[in-house]
Amino acid sequence: MSSNRGVGARLTEALVGGLRPLIVLTLRELSHAPLHFGCCDTHSKTEHPTGQINIKGRYPLLVLPDRASDCVETQDVVHPLFLQICACAQTVSVTLTVSDRPAIAPMDTVKIAVIGGGLMGLSTAVCISESIPQCSVTVISEAFSPNTTSDVAAGVLIPHKFQGTPIHQQINWFKETFDYLFSIYNSAEASDAGIILLSGWQIFQTPPAEKYPFWSDVVLGFRLMSDSELKKFPHYVFGQAFATLKCECPPYLLWLEKRLKRNGGQERAGKVQDVWELYGQYDIVVNCAGLGSRELFGDKGIYPVQGQVLKVHAPWLTHFVRDGSGSTYIYPGISSVTLGGTRVQNEWSLKPDSSVSKEIFRRCTALVPSLEGVQETREKVGLRPIRPAVRLEREVLLRGGQRLHVVHNYGHGGGGFSVHRGTAKEATRLVEETVTLLSNTMTKSKL
Ligand SMILES: O=C([O-])CC(=O)C(=O)O
C-alpha cells in the first residue's frame, strides 16, 4: 500500500506497535480532506472533537487538534461528539491508504479481562477473541452455565425497548444478532449451538400503539393475525404472527465457551471484589457484570427486576404464545418449554415462590390448555439487570497515578438475547480503540 497524499494537505502517518497503521490528520486537514460524514456534516464541520475514527473499521484515524503535540495528552478523552462522528464515519465511502512499512514497536499481547460469565460476558469475549488477534481474553465470573441469569431466560429474540437508547441503534443491534444467529441456525453448528427457529403469536387484550413494532422487518414472516386465528384466544382482540430465533441455554452458552477456548480464551472462576485487583494483571477490563456493576463500578442506576419461570416438559408444543403485555408467555424449546412470567421491581431474592408458580401455570394453561398434561416442572428465578439504557462506553478509572482502561457492556434488562451479538460487536470496537490508544502510548514512551 502507498501513502495517499491526496487526502488533506499533509497526512502524517504514525505506525503503531504492530497493530495497524495509524493515520494522523490534523483538524484543519480534516476539514480540507474529501471526507464526508453523512448525517453529521454539521458536527464534523463546526465542532471538531479530538479522538479516533475508524474508517471502514480498518484504519484507525486519529483526528488531532492543529497542534499535534497537544493531542497525545488528550487521547484518553472521548468526546461525545466524537463518538457520533465515529459512528457515521464507518458508513462513509473513503479510501485512505497508508504505507506498509513494518511497525516500529510491536506491542506485546494485550491482556483483556472480561467480568461476567453469562451471555454478555461470553459473547463479548468471543467477539473480541475473533476480532483482535494480538490479545488474550480471560472471562472472570462467580458463575458459569448452568448457574447464570441467562440460563433462566427463555432466550427468544423479541426485542424489549430501551428507553434511553436511540431506536436506530436498537434496530441495528437486533438485526446484527438475528443475522448472526440465523447463519448459525443455517449451518451444521445449529444443533451444537442450540439455535432453533420458532414461530408463534403475540396477542393483545387492547391493540398496541405500534401495530408494526420496530423489529417487525427483522423477524421472519411478520403479519397481523387473522380473525380466525384470534378466535383461539377469546379475551384477545389483536395479534401478530411471526417466526423468530431462540437460543437454548445451557447449549448456547456452552457453545460460546467452546468457541472462546478454541480462540485461545480462558475462564477463571471467582468473584472480583474490587476492579483494581485486576490492575497490572490485565491491560483492559471489559465489564459485563450486569447487576454486579452496582457495587463494582458504583452504578446506582442499575437495579433488579426479578422474574420467575417454570421449565416444563411438553414436547408436543412447537408454537410460542406471548401476551403482548409481557405478563404471560409460553416458549417451547429443545429440551423444555419456558412458562412465565413475573416482573418484581427491586427484588433481589433468587428463591422461587410456589404460589407464584401456581399462578404462572394458571395463566399459561388459560392460553394453552394442553399444558394441563405436563409433568416435570422446574422453578427458576432470575434477576434482570435494568437501567434506562444499555451502558456501552469506554471509561478510564484513575487512582493515584494509575489508569485502568474499562469498556462497559451491561444493563440489557430482559432483552439481552435479542441484541447480544450487536452489543458485543460494539464493545469489541471500543476495545479495539483502547488497544490502539495503549499501543500509541507505548510507542511514544519508547521514543
Ligand atoms: O418478555 C418476554 O417475552 C420474556 C422476557 O424476555 C422476560 O421475561 O424478560
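A few remarks follow.
- Some residue of region 372-379 being within 16 Å of the ligand (Cβ to nearest atom) and assigned to a loop (DSSP other than H, G, I, E, B): no
- Which numbered condition Ser355 misses (of (1) within 15 Å of the ligand (Cβ to nearest atom); (2) assigned to a helix (DSSP H, G or I)): (1)
- The residue list Gly290, Gly264, Gly270 contains one member that is in contact with a strand residue (DSSP E or B) (Cβ under 8 Å, 6 or more places away or on another chain), crowded, with 17+ Cβ neighbours inside 10 Å and not charged (D, E, K, R), which is Gly290.
- Against the test of being within 16 Å of the ligand (Cβ to nearest atom) and part of a loop (DSSP other than H, G, I, E, B), the options Leu339, Leu350 yield a single qualifying residue, Leu350.
- Taking residues in region 414-435 that are under 18 Å from Ile167 (Cα atoms), and partners anywhere that are of a type in the set (Gly, Ala, Ser) and within 16 Å of the ligand (Cβ to nearest atom), the pairs with Cβ atoms closer than 6 Å and at least 6 places apart or on different chains are Phe417/Gly155.
- Hits in region 233-292 (condition: among the β-branched types (Val, Ile, Thr) and within 19 Å of the chain's Cα centre (by Cα)): Thr244, Ile284, Val285, Val286
- Residues that are at pLDDT below 95 and surrounded by 14 or more Cβ atoms within 10 Å (Cβ to Cβ), drawn from region 329-373: Gly341
- Residue that is nearest to the chain's Cα centre (by Cα), among those in region 345-370 that are under 26 Å from Gly239 (Cα atoms) and β-branched (Val, Ile, Thr): Ile360
- Selected residue (only one of Gly382, Gly414 is in a loop (DSSP other than H, G, I, E, B) and closer than 30 Å to Trp316 by Cα): Gly414
- If you check Phe144, Phe174, Phe162 for being assigned to a helix (DSSP H, G or I) and in contact (Cβ under 8 Å) with a residue 60 or more places away in the chain, only one passes: Phe174.
- Checking every residue in region 205-221 against the condition of being closer than 18 Å to Gly415 by Cβ, in contact with a helix residue (DSSP H, G or I) (Cβ under 7 Å, 6 or more places away or on another chain) and assigned to a helix (DSSP H, G or I) gives zero matches.
- For region 308-324, the tally of residues that are among the aromatic types (Phe, Trp, Tyr) and away from the ligand (no atom under 16 Å from the Cβ) stands at 1.
- The lone criterion from (1) under 29 Å from the mean Cα position of the chain (by Cα); (2) more than 16 Å from Asn287 (Cα to Cα); (3) within 16 Å of the ligand (Cβ to nearest atom); (4) of a type outside the set (Gly, Ala, Ser) left unmet by Gln402 is number (3).
- For region 405-422, the set of residues classified as within 16 Å of the ligand (Cβ to nearest atom) and among the aliphatic types (A, V, I, L, M) consists of Val419 only.
- The condition (being polar (S, T, N, Q), surrounded by 17 or more Cβ atoms within 10 Å (Cβ to Cβ) and within 16 Å of the ligand (Cβ to nearest atom)) is satisfied by just one residue among Thr124, Thr148: Thr148.
- Any chance Ala190 is away from the ligand (no atom under 16 Å from the Cβ), within 23 Å of Glu295 (Cβ to Cβ) and either surrounded by fewer than 19 Cβ atoms within 10 Å (Cβ to Cβ) or over 18 Å from the mean Cα position of the chain (by Cα) (or both): no
- Taking residues in region 345-372 that are of a type outside the set (D, E, K, R), and partners anywhere that are modelled with pLDDT under 95, the pairs with Cβ atoms closer than 8 Å and at least 6 places apart or on different chains are Ser357/Thr377; Ile360/Gly341; Phe361/Thr377.
- Only one entry in Phe222, Phe204, Phe233 is of a type in the set (Phe, Trp, Tyr), surrounded by 14 or more Cβ atoms within 10 Å (Cβ to Cβ) and under 18 Å from Thr177 (Cα atoms), namely Phe222.
The values are calculated or read from the model by the stated rules, or taken from the named source; none is laboratory data. All of these numbers come straight from a predicted model, not from anything done at the bench. FYI the Cβ positions are ideal-geometry reconstructions off the backbone, even for glycines, and counts take in every protein chain you see.
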